[in-house]
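Bear in mind that the values in this text are calculations on the coordinates, not laboratory data. Everything quoted here is computed from the prediction, not taken from an experiment. Counting neighbours? That spans all protein chains shown, and the Cβs are built from the backbone with ideal geometry, glycine included.
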Amino acid sequence: MKFLGSFILSLSFVAPLSAQDKRPLGVDDFLRIGIVGDPQISPNGTLVAYTVTTPSLADDRNIFRLRVLDLVTRSSRELTSGPGSDRAPRWAKDGLTLAFLSNRNGTSQVWRTRIDASEGIQAFTALQLQRIPSKFLYFPDEGHFVLKPRNRRLWWGVVLDWLDEYLRPGTAKTNP
């Protein structure tokens, strides 16, 4: 949680000044600062959905956007964009779906989005294209994360066997 607190604090300064731009802060600088709020930790504890609020002078209102932080990789990405504002993210029990309020259609309504589960397939495809030995594991009874003990044992077994075979010194192998 210590990391989460420092991350949220650091996100509040989304428009840092470079060392060459030393000057007093002005109103425009403060208007570029996003305000981070409403952090919601996913059921498995690996993701945090949160809002970033920035003022829009053209619309004379604040704009809310949803972002998600991966606590494992420490990477953050925007989930929503476009017209209107999106706020109040809440995780579904499966940890794959996020419900939120949005006024993108003129009135505030409940929307939902799935957190992209295609990253594993993209990583496998990238490995195959680079001719890196890899194996695609699919668990139809799982969601984005491998949580069931039987599946976790299989997954970790395959990963550890691969690490042992291909990352041991002097064993640089590729697919034929």
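Neighbour counts of other Cβ atoms within 10 Å put Lys22, Lys148, Lys135 in the fewest-to-most order Lys22, Lys135, Lys148.
For Asp60 and Asn105, what is the calculated FRET efficiency with R₀ set at 22 Å and r taken between the beta-carbons, to the nearest 0.05? Walk me through the numbers before you get to the answer.
Details: r = 20 Å, r/R0 = 0.92.
Approximately 0.60, to the nearest 0.05.
For the pair Leu167 and Phe139, a Förster radius of 30 Å applied to the C-beta separation gives a FRET efficiency near 0.80, rounded to the nearest 0.05. In plain terms, the residue of Ser134, Ser75 with the fewest other Cβ atoms within 10 Å comes first and the most crowded comes last, giving Ser75, Ser134.
Within 10 Å of each residue's Cβ, count the other Cβ atoms and sort Phe30, Phe64 from fewest upward. Each step should come with its number before you reach the end.
Working: Phe30 10, Phe64 22.
In increasing order of surrounding Cβ atoms, one gets Phe30, Phe64.
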